[in-house]
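Below is one structure, written out as structure tokens, with a few remarks after it.
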Amino acid sequence: MKGSFDRVRRGRWRALAIVGASAAAALVVTLVTVSPASAAPPPGPGHEGMAGPRPAVSNAVQPAVAGLPGIDVSSYQGSINWTAVKNAGIKWAYMKATESTTYYDPTFNANYVNAYHAGVIRGAYHFAQPGQSSGATQATYFATHGGGWSADNLTLPGMLDLEGTCASVSWIRDFYNTYKAKTGRDVVIYTSASYWNSCTGGSSAFASLTPLDVASWGGSSPVMPGGFGAYTMWQYTDSGSVSGISGAVDRDTFNGPDARLLALANNTP
């Protein structure tokens with residue numbers, strides 16, 4: 001996913017995450033200590049910051065991963081042919097809507113509408129800037145600028161993109177509570193093990209509340225953030241390719257069958 005300005009970058013849904021091909025694991029919780037919101041996590045998988053270069057499309061054979069193919073995009077990808085994306089087998093997508101309380105992705109409207117008409121289940125994400133304003137303030141901005149939810153079979157709950165500047169557990173909870181009050185949905189958390197463990201101390205405070213999209217590039221399975229027993233989505237590369245998109249794109253997989261993806265979109269058990 002992408003930070004900023006731009007061209008550089010879930011009632012309660014208890015996710016039934018399918019680990020491997022068939023095992024199901026319920027998400028569990030315990031409380032841990034947190035780091036200050038101003039700290040910076042160690043380097044690790046995430047997306048581009050404000051000035052980081054975008055990776056080229058990988059020439060290596062991309063890993064074969066189980067689950068339902070997905071992507072996440074922002075204005076970096078420019079104009080997208082969503083019909084071609086759908087025909088390439090992509091089932092779902094997250095697209096950048098907002099960052100902090102001042103940025104609205106210029107390609108969001110086109111992506112959100114065109115993906116819908118192509119039949120791609122899609123959702124919006126917010127790039128967190130915890131050093132700039134409260135979680136509640138940013139959740140309000142997100143929910144009113146594309147991050148809302150509709151029971152239309154094609155809309156996923158909003159996602160909170162956590163990378164870069166550390167967010168504390170209290171900041172994340174502030175965002176979560178506000179977003180849920182406004183939309184009725186639990187926000188999806190996107191993060192990496194390095195960020196989550198460094199910034200929240202591996203907190204399990206959200207493990208039974210929110211689906212996890214784990215950023216972990218390479219390998220046959222993701223490196224999990226502390227406190228989460230299972231993942232719902234896995235971003236496994238930031239240098240993938242998909243028909244209908246020019247250049248590199250983040251590739252993801254949904255950890256379950258079509259029925260679970262549709263249940264997440266529809267807020268059903």
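Just so it is clear, none of the values below were taken in a lab; they were calculated from the coordinates. Source: prediction; values computed, not measured. Using ideal geometry, Cβ is built from the backbone for each residue, glycine included, and neighbour counts are taken over all protein chains shown.
Mind sorting Thr101, Thr140, Thr210 by how few other Cβ atoms lie within 10 Å of their own Cβ, fewest first?
Going from sparsest to densest Cβ surroundings: Thr101, Thr140, Thr210.
Going by amide H atoms built from the backbone, whose H comes under 5 Å of the H on Gly226, apart from near neighbours?
Asn197
7 Å from Cα along Cα→Cβ at both Val113 and Ser134: what's the point-to-point distance in nm?
3.5 nm
Treat the count of other C-beta atoms within 10 Å as a stand-in for reagent exposure and order Thr253, Thr191 from fewest to most.
Starting with the residue having the fewest Cβ neighbours, the order is Thr253, Thr191.
Work out from phi, with θ = phi - 60° and the Karplus expression 6.51 cos²θ - 1.76 cosθ + 1.60, the ³J(HN,Hα) of each residue of region 244-259, listed in order in whole Hz, and give x for Gly and Pro.
So the Karplus estimates, Gly and Pro as x, are x, 10, 7, x, 6, 9, 5, 9, 9, 9, 9, 7, x, x, 4, 4 Hz.
Given R₀ = 51 Å, FRET efficiency for Ala84-Asn177 by Cβ-Cβ distance, to 0.05?
Plugging the Cβ-Cβ distance into 1/(1 + (r/R0)^6) gives 0.85.
So which aspartates and glutamates pass the test for Lys86, namely a Cα distance under 15 Å, with those fewer than 8 places away in the same chain ruled out?
Candidates past the 8-residue exclusion: Asp72, Asp252, Asp258.
Which FRET efficiency, nearest 0.05, do Ser220 and Asp258 yield, Cβ-Cβ r, R0 22 Å?
0.45
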